[in-house]
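The values are calculated or read from the model by the stated rules, or taken from the named source; none is laboratory data. If you're wondering where the values come from, they're calculated on a predicted model, not measured in any experiment. For neighbour counting, all protein chains shown are included, and Cβ atoms are generated from backbone atoms with ideal geometry for every residue, glycine included. Ligands, DNA and RNA are stripped out before the accessible areas are found, and what is left, the full protein with its side chains, is counted by its heavy atoms. Shrake-Rupley method; radii C 1.70, N 1.55, O 1.52, S 1.80 Å.
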Amino acid sequence: MALLPLLITLLFIIIFCASSPFVRAAQLISVLSYGARPDGKTDSTKAFAAAWSQACASTQPATISVPKGSFSLGQVRFQGPCKNTAILLRIDGTLVAPSDYRVIGSAQNWLIFEHVSGVTLSGGTLDGQGSGLWSCKNSGKDCPSGATSLEFSNSNNIAITGLASPNTDGIHVQASTGVTILNSRIGTGDDCVSIGPGTSNLWIENVGCGPGHGISIGSLGKDSQEAGVQNVTVKTTTFTGTENGVRIKTWGRPSNGFARNILFQHSVMTDVQNPIVIDQNYCPGEKDCPGQVSGVKISDVTYQDIHGSSATELAVKFDCSKTNPCSGIKLEDVKLTYKNQPAEASCSNAGGVASGLVQPTSCL
């Protein structure tokens, strides 16, 4: 008989929770209900914008559903602040940008997330067709990956997972904290992922890159007063036929910027031109930087379990600043070959240590 009051109490709790205004199922919003068509031809821009407006205005969690099929989109602005911080944009189909970049306009952005918090984008394929750009600005959480340049700016606690991004210009993160990029495949004519000033606590895992320019921190130091980059982890990545593998790049001119506490771990290189590179003499067009040296301070960078093949004889290159040498570089269990022979390494103004099997022989 003592169990009866307990059972009644549990039953009351279950009923209360089910009816409580604090436990609410997400509102489901289909882009089809606003006229989107999965035929790859119909312009669904207004439908996506309308679905976002409904989700953003909702005081309860909301899921925007994009079913299977191909959706043609021009520029869409997903703007906040919203009345809730739990919006899921679930893509089961493909989003296709205009093949003509002039449709996007001079803004050079395709899908733009601004002033939002608690937004998640999951699944699907984002086909930028080499034209538009992704932008995720002033956002709080969970913005998308893919498209021609997915940009995270002034954002926090962002998660990207399970997206395919063919024919794009990759993902750009800057002035953001707590960004996570998982389980994505990126093919591009530029960086697969680029990491700009003001980025911290960035986690990249299980990302395939190729073709493209690799995963790059930088370019940094374009401005004399610039926020630094710190606490970046790039692990379990593959690079196939890319120009670079893991790269840090800074302008060769004065700056108070920095890059520190960086870990590149468990990477496989296949015919990569520059598998491991630090370039502190970046000077495109030889303008505003010839004869100067980089002020960006690079320290505590670890390369651990990096192996595969280099498309050039020089597989490891640390070309650091004369006035601000790289410090705290660690090479652990690195094996890179060139035409099935040991590759070579080059160091300039770089200091650090090597441990385990390191091939090419460390020049630190």
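Residues in the stretch 348-363 that are surrounded by 15 or more Cβ atoms within 10 Å (Cβ to Cβ) and farther than 22 Å from residue 268 by Cα: 348, 349, 350, 352. Look at the stretch 311-324: where a residue is within 16 Å of residue 280 (Cβ to Cβ) and a partner is β-branched (Val, Ile, Thr) and open to solvent by 10 Å² or more (accessible area, probe 1.4 Å), sitting 6+ places away or on another chain with Cβ atoms under 6 Å, you get 317/277; 321/293; 322/293; 323/293. Within the stretch 139-147, one or more residues are modelled with pLDDT under 70, more than 26 Å from residue 272 (Cβ to Cβ) and surrounded by fewer than 23 Cβ atoms within 10 Å (Cβ to Cβ).
Which strands (runs of 3 or more DSSP E) sit wholly inside the stretch 284-364 and have at least 1 residues that are under 26 Å from the mean Cα position of the chain (by Cα)? Answer list for the stretch 284-364: 297-310, 314-319, 326-338. Can you say whether residue 46 is within 24 Å of residue 161 (Cα to Cα), modelled with pLDDT of 95 or more, open to solvent by 30 Å² or more (accessible area, probe 1.4 Å) and charged (D, E, K, R), as far as the supplied structure shows? It is false that residue 46 is within 24 Å of residue 161 (Cα to Cα), modelled with pLDDT of 95 or more, open to solvent by 30 Å² or more (accessible area, probe 1.4 Å) and charged (D, E, K, R).
Scanning the stretch 229-260 for residues that are closer than 14 Å to residue 198 by Cα and open to solvent by 10 Å² or more (accessible area, probe 1.4 Å) gives 230, 231, 255, 256, 258, 260. Report every pair of residues separated by at least 6 positions or lying on different chains whose Cβ atoms are under 7 Å apart, first residue within the stretch 203-224 and closer than 29 Å to residue 254 by Cα and in a loop (DSSP other than H, G, I, E, B), second among the basic types (Lys, Arg) and open to solvent by 30 Å² or more (accessible area, probe 1.4 Å). Filtered contacts from the stretch 203-224: 221/253. Residue 174 meets each of the listed conditions (1) in contact with a Gly (Cβ under 8 Å, 6 or more places away or on another chain); (2) more than 19 Å from residue 124 (Cα to Cα); (3) crowded, with 24+ Cβ neighbours inside 10 Å apart from (3). Here residue 242 clears all of (1) over 19 Å from residue 315 (Cα atoms); (2) in a loop (DSSP other than H, G, I, E, B); (3) not acidic (Asp, Glu) except the condition numbered (1).
Condition first: open to solvent by 50 Å² or more (accessible area, probe 1.4 Å) and in contact with a Lys or Arg (Cβ under 8 Å, 6 or more places away or on another chain). Now tell me which residues in the stretch 261-273 satisfy that. Matches in the stretch 261-273: 266 only. Once the stretch 282-339 is narrowed to residues that are on the phi > 0 side of the Ramachandran plot and at pLDDT 95 or above, the residue that is surrounded by the most Cβ atoms within 10 Å (Cβ to Cβ) is 308.
In the stretch 203-221, what residues are aliphatic (A, V, I, L, M) and either open to solvent by 10 Å² or more (accessible area, probe 1.4 Å) or closer than 14 Å to residue 170 by Cβ (or both)? Even if it seems obvious, please write down each step before you answer.
Kept after step one, since they are aliphatic (A, V, I, L, M), are these residues of the stretch 203-221: 204, 207, 215, 217, 220.
Across the stretch 203-221, the qualifying residues are 204, 207, 215, 217.
Out of 165, 135, report the one residue that is at pLDDT below 70, part of a strand (DSSP E or B), over 10 Å from the mean Cα position of the chain (by Cα) and not aromatic (Phe, Trp, Tyr). First the steps, then the outcome.
Values: 165 fails: at pLDDT below 70.
Within the list 165, 135, the selection yields 135.
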